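Participant: This is the structure, below, for whatever I ask next.
The values are calculated or read from the model by the stated rules, or taken from the named source; none is laboratory data. The structure displayed is predicted, hence computed values, not measured ones. Here the Cβ positions follow ideal geometry from the backbone for every residue, glycine too, while neighbour counts run over all protein chains shown. What goes into the accessible areas is simple: the full protein's heavy atoms, side chains included, and nothing from ligands, DNA or RNA. Shrake-Rupley method; radii C 1.70, N 1.55, O 1.52, S 1.80 Å.
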Amino acid sequence: MTISNLLESLYQRKVIRAIDRQFGQFIGAQLGSQDHPMVGWATLVSFELGKGNVCVDLASLEAATLFDLPAADALQIAALLEPEHALSSMAQSSVVGTGGEATPLIVHGSRLYLNRYWQAEQRVAEGIMSRCKPILLSDGARVTLDTLFEPDTALLKKLYNGWDQQDKPQRVLDFFDVVDEESVDMSALLTALDAGQSSNDILRHVPESARLNWQKVAAAAALSYRFSVISGGPGTGKTTTVAKLLAALVMSSDKPSGPEIKLVAPTGKAANRLTESIGRAVAALPVNDDVRTKIPVQASTIHRLLGAIPNRVEFRHNQNNRLHLDILVVDEASMVDLPLMAKLLAALPDHARVILLGDRDQLASVEAGAVLGDICLGVDKGYSQERAAHLSQLTGFNLSGGDNVPAVADGVCLLRKSYRFHAQSGVGQLAYAINAGDTKLLENVLRCGYADIELHDLNGDVYERAIVQAVEGYRAYLEALKAGDDYRAVLSHFANVRVLCALSDGPFGVKG
């Protein structure tokens, strides 16, 4: 069987898309043969792009998984494409270049790209690496961070009185983010709390060196680097952290009016959420009104910031017409695809700081390229030796550094503590098991009988129980809606319950 016949069969079976087949045929037309191996490789690159992958790595390619087919069919295609000789044949092909040529395909190392996506990846890498340089800070930076991230002992006192006596020691340690219990005089600390002593008296028993607040580390990392990423799951305080960071940047600015700050998100809904959350966070900052008024709370979409042009893929702002800003905050950055991120970075002035917010464990963007996920791949390696020492000096915490750490990793911080649920709660353990992909741990969590999660077996009356739970959950919302209550109250009731469905159809889908 020939390559053209195989690809036509894949199209008829709806394995590949029409655009995949058409691109393969276009490459065949350039080469004068629809059975040239490059036709198959071009089709595969387009197919992988449809799955969100911007390239095909020939070095790690598994022949038995080509086009996500059964092994027998995949190996039949592999026999025609000859992956073992692919790189050498591509080096001699007129449709494949190495970056300097205007060819449809590009080979970079062992990776085969569409030219457009290779160009976008290079622009993103250049935009990031040009900003991966430490910034010299004034002597007051440490004081500013200490002030903004001082533990809220007034809140602690309120919480402390409601905790069970036996739980108080551990809860107090968790509140202060203590990582070195031996350095904390627990008896004296509890005595100070029982006596309702002042904030200074309480904090005196919890030295900075015994603590590790990742929000403060994230702010310090972004304050001293022109490119930074603050990643964390729901409830880890990304918005609170960036609000305090922006306050620190305003306080350290030489401009009388403060730096020009822009807040953006990929979609209108995400921009509205950012506007609401950043507004609440800024209002709660421990700063004077002069600083607070210089922090914007209105967010827009990335497309609006760049200046979308109807019926065109280009934007008004680009590398030849830069944006006027000093600091750019991008929320929900996991939703930003590779081409859009490339255009955004290209439109920034050289001096601009970039702060990406998002969850590295969220689904990647709809279009190709998981930019945030790729940036965060090395976050578990920690910081370089020099960077760790600098951040320790800025925060007062003990941070250890490692060797051979990529420069981009020095600007990334992962927020590890959830303020919505405890790490040892059912939800916390369930989230950890899912993110780790640990099915055995997942089963153990579901069997442990945590009070905050419940697993219903599909047998029995589970469907009726699900309906009853949904009705009870939305009862307050429906009653408030019927009574004509204030819209804020109606929305508040609606936000108290969520029904999440994995499917659209079926009894447990959205429609059901």
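Participant: Look through Ala299, Ala247, Ala265 and report the one residue that is crowded, with 20+ Cβ neighbours inside 10 Å, touching a strand residue (DSSP E or B) at 6+ places or on another chain (Cβ under 8 Å) and in contact (Cβ under 8 Å) with a residue 60 or more places away in the chain.
Facilitator: Ala265
Participant: Could you list all residues from the range 408-456 that are touching a residue at least 40 places away in the same chain (Cβ under 8 Å) and open to solvent by 90 Å² or more (accessible area, probe 1.4 Å)? Write out each step before concluding.
Facilitator: Step one: list which residues in the range 408-456 are touching a residue at least 40 places away in the same chain (Cβ under 8 Å), which gives 408, 410-422, 431, 435.
Listed by number, the residues that qualify are Arg416, Tyr419, Arg420, His422, Asn435.
Participant: Can we say Gln76 is closer than 19 Å to Leu10 by Cα, in contact (Cβ under 8 Å) with a residue 40 or more places away in the chain and open to solvent by 20 Å² or more (accessible area, probe 1.4 Å)?
Facilitator: yes
Participant: Could you list, in sequence order, all residues of the range 161-190 that are open to solvent by less than 80 Å² (accessible area, probe 1.4 Å) and under 26 Å from Ala219 (Cβ atoms)?
Facilitator: Val172, Leu173, Asp174, Phe175, Phe176, Asp177, Val178, Asp180, Ser183, Val184, Leu189
Participant: Identify all residues within the range 484-495 that are assigned to a helix (DSSP H, G or I), of a type outside the set (Lys, Arg) and either out of contact with any Phe, Trp or Tyr (no Cβ under 7 Å at 6 or more places or on another chain) or modelled with pLDDT under 90 (or both); write none if there are none.
Facilitator: If the condition is that a residue be assigned to a helix (DSSP H, G or I), of a type outside the set (Lys, Arg) and either out of contact with any Phe, Trp or Tyr (no Cβ under 7 Å at 6 or more places or on another chain) or modelled with pLDDT under 90 (or both), then Tyr487, Ala489, Leu491, Ser492 are the ones that fit.
Participant: Something else now. Looking at Val206, is it assigned to a loop (DSSP other than H, G, I, E, B) and surrounded by 14 or more Cβ atoms within 10 Å (Cβ to Cβ)?
Facilitator: Answer is yes for this residue.
Participant: Could you give every pair whose Cβ atoms fall below 9 Å, whose first residue belongs to the range 196-218 and is basic (Lys, Arg), and whose second residue is open to solvent by 10 Å² or more (accessible area, probe 1.4 Å) and assigned to a strand (DSSP E or B), counting only separations of at least 6 or pairs across chains?
Facilitator: Arg211/Val178
Participant: I've got another one for you. Among what's in the range 109-145 and is within 19 Å of Leu394 (Cβ to Cβ) and crowded, with 18+ Cβ neighbours inside 10 Å, pick the residue that is nearest to the chain's Cα centre (by Cα).
Facilitator: Residues of the range 109-145 that are within 19 Å of Leu394 (Cβ to Cβ), as a first pass: 131-145.
Then keep just the ones that are crowded, with 18+ Cβ neighbours inside 10 Å; that gives 131, 137, 141, 144-145.
On the way: Arg131: 19, Leu137: 27, Ala141: 27, Thr144: 27, Leu145: 24 Å.
Only one residue tops the list, namely Arg131.
Participant: To continue, here is another question. Being surrounded by 10 or more Cβ atoms within 10 Å (Cβ to Cβ), assigned to a helix (DSSP H, G or I) and either at pLDDT 85 or above or in contact with a strand residue (DSSP E or B) (Cβ under 9 Å, 6 or more places away or on another chain) (or both) is the requirement here; does Leu481 meet it?
Facilitator: Judged against the criteria, Leu481 is a match.
Participant: Could you pull out every one of the helices (runs of 4 or more DSSP H) wholly within the range 64-158 that has 2 or more residues that are of a type in the set (D, E, K, R)?
Facilitator: 115-129, 141-148
Participant: Does Tyr117 satisfy being under 22 Å from Ser33 (Cα atoms), touching a residue at least 40 places away in the same chain (Cβ under 8 Å) and in contact with a Cys (Cβ under 8 Å, 6 or more places away or on another chain)? Break it down into steps so the answer makes sense when it comes.
Facilitator: On the way: under 22 Å from Ser33 (Cα atoms): no; touching a residue at least 40 places away in the same chain (Cβ under 8 Å): yes; in contact with a Cys (Cβ under 8 Å, 6 or more places away or on another chain): yes.
Spelling it out, it is not the case that Tyr117 is under 22 Å from Ser33 (Cα atoms), touching a residue at least 40 places away in the same chain (Cβ under 8 Å) and in contact with a Cys (Cβ under 8 Å, 6 or more places away or on another chain).
Participant: Could you tell me whether the range 338-358 includes any residue that is crowded, with 19+ Cβ neighbours inside 10 Å, of a type outside the set (Gly, Ala, Ser) and in contact with a Ser or Thr (Cβ under 6 Å, 6 or more places away or on another chain)?
Facilitator: The answer is yes, given that some residue of the range 338-358 is crowded, with 19+ Cβ neighbours inside 10 Å, of a type outside the set (Gly, Ala, Ser) and in contact with a Ser or Thr (Cβ under 6 Å, 6 or more places away or on another chain).
Participant: For Arg498, state whether it is closer than 20 Å to Gly235 by Cα, out of contact with any helix residue (DSSP H, G or I) (no Cβ under 8 Å at 6 or more places or on another chain), without any contact (Cβ under 8 Å) to a residue 40 or more places away in the chain and open to solvent by 80 Å² or more (accessible area, probe 1.4 Å). Walk me through how you get there before you give the answer.
Facilitator: Numbers: closer than 20 Å to Gly235 by Cα: yes; out of contact with any helix residue (DSSP H, G or I) (no Cβ under 8 Å at 6 or more places or on another chain): yes; without any contact (Cβ under 8 Å) to a residue 40 or more places away in the chain: yes; open to solvent by 80 Å² or more (accessible area, probe 1.4 Å): yes.
Answer is yes for this residue.
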